[in-house]
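A short write-up of the structure that comes next.
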Amino acid sequence: MHYSSYSELCRGHVCQMVICDHYKRGIISGSSCKSLCEESTLKLQRCLSSSPTHQVYSGVWKEKSVIIKCGIEDNSRGDGSPDSLVRQEMTLFDKPTRGTSMDEFRQMLHNFLKANLGEHPSLGALVGLVINLADVNKDGKVSLAEAKSVWALLQVNEFLLMMALQEKEHTPKLLGFCGDLYVTELVGHSALYRLEVPSYLQPLVPIALSTTLNQWLAPAWPRRARITIGLLEFVEEIFHGSYGSFLMCDASPRHVGYNGKYDCKMADLRSVASETAVRSYLKGRQCETNSDCTYGKDCTATCDKLVKQCNTEVVQPNLAKVCRLLQDYLLFGSPPDLRVDLEKQLRTCVTLSGLASQIEVHHSLVLNNLKTLLWKKISNTKYS
């Protein structure tokens, strides 16, 4: 196993200790701090972490089921002791500094959001949302501790995405935070498939076996169709939004969840990135082959072999990645009268490629055809 023990992978107690230490010293603030550190009404329960640096727990907050997420610096950067973790966290909450005015903080936020999301007319509104979130006691002012907390949170890609996409139906709702620990609504099923074979066991478990088991464990086909419609709607939501376009840089079944009503909810947004961030990463990057021009797992651009530099536009659109994910998920057990048409549409969808500016109309047409096909089959039934 990659991690020597459960305790190394699940260090929520360390996260809580560090956060509450900072809160008690007045360094940070947040709407969940009192519940976590004083009243014990926010409790970490089952560990769901897949990395020791990204702690994920199911929990309870005021008797409601929630998800709690918190980042911890890698042990290799310190000696691993609680004191060293506290010292590492101090650098996370070092901005803004004492003496920063409200106008300067607004400008800090605007510049940060512009660098990460691009220049958009609506950025001012997002700055307002962030400041409103930071003002925990709703006194119309932002204290230094409140500002430090929200600034640290914005450095977390998933939190930034949740702020930018918070009004979207398929983004989990943010419920509260304390420092850089944040609480979201519970997504009942946190993956598209029930059986997730850990990477260290994959060589021992044949792909065919795990695929077959997942097909039999999956919800009834009409429910899978409903989840799929929601996932396609999410692809639409992030294609051109108020804060630009976003790219799915790892369309994995581990990141797509759904609730008890079979409404799609993105369980993990860490692999979604703004087009601006991806372009910024690729710009001027040296390369020999296309694989050198990859952001995340699979946001790949072409390599200009004449100048040995990456082009900045990703070739494969989100929709093609999602359709590849859906081929096995949707075709198994599909109604016989739909199967040929469904196979054909998914095949067309998977082969979508080319620059976004050139395929926009085609992209919309393929997405709408697929959604319409599925909706016609389940509308006016109990599954709709």
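Here are some notes:
- In this simple spin-label approximation, S101 and R25 carry label points 7 Å from Cα along the Cα→Cβ vector, and these lie 3.0 nm apart.
- Distance between the 7 Å Cα→Cβ label points at S280 and K141: 3.2 nm.
- Full extension of the segment from E169 to N157, taken as 0.36 nm per residue of separation minus the current Cα-Cα distance, would add 2.4 nm.
- Gain in span if fully extended, T351 to D298, counting 0.36 nm per residue against the direct Cα distance: 17.6 nm
- Cross-link pairs exceeding 28 Å between alpha carbons, from the set K43/K114; K114/K168; K141/K173; K261/K376; K141/K261; K344/K376: K43/K114; K141/K261.
- With the simple model of a label 7 Å out from the Cα in the direction of the Cβ, A220 to H13 spans 4.5 nm.
- Charge context of S143, other residues only, Cβ under 13 angstrom, K/R +1, D/E -1: +1
- FRET efficiency, 1/(1 + (r/R0)^6) with R0 25 Å, evaluated for L48 and R324 via beta carbons: 0.45
- Linear extension gain, S40 paired with L365, 0.36 nm per residue minus alpha-carbon span: 111.9 nm
- Per residue, the range 311-382 exposes 53 Å² of solvent-accessible protein surface, assessed with a 1.4 angstrom probe and all protein chains in place.
- Apolar share of the accessible surface for the range 229-384: 50 percent from carbon plus sulfur atoms, 1.4 Å probe.
- Other residues within the sphere of radius under 13 Å centred on the Cβ of K265, judged by their own Cβ, net out at -2 (K and R +1, D and E -1).
The values are calculated or read from the model by the stated rules, or taken from the named source; none is laboratory data. Quick caveat, the model's predicted, so the values are computed rather than measured. Cβ: placed from backbone, ideal geometry, glycine included. Neighbour counts: every protein chain shown. Side chains included, ligands, DNA and RNA excluded: accessible areas come from the protein's heavy atoms. Shrake-Rupley method; radii C 1.70, N 1.55, O 1.52, S 1.80 Å.
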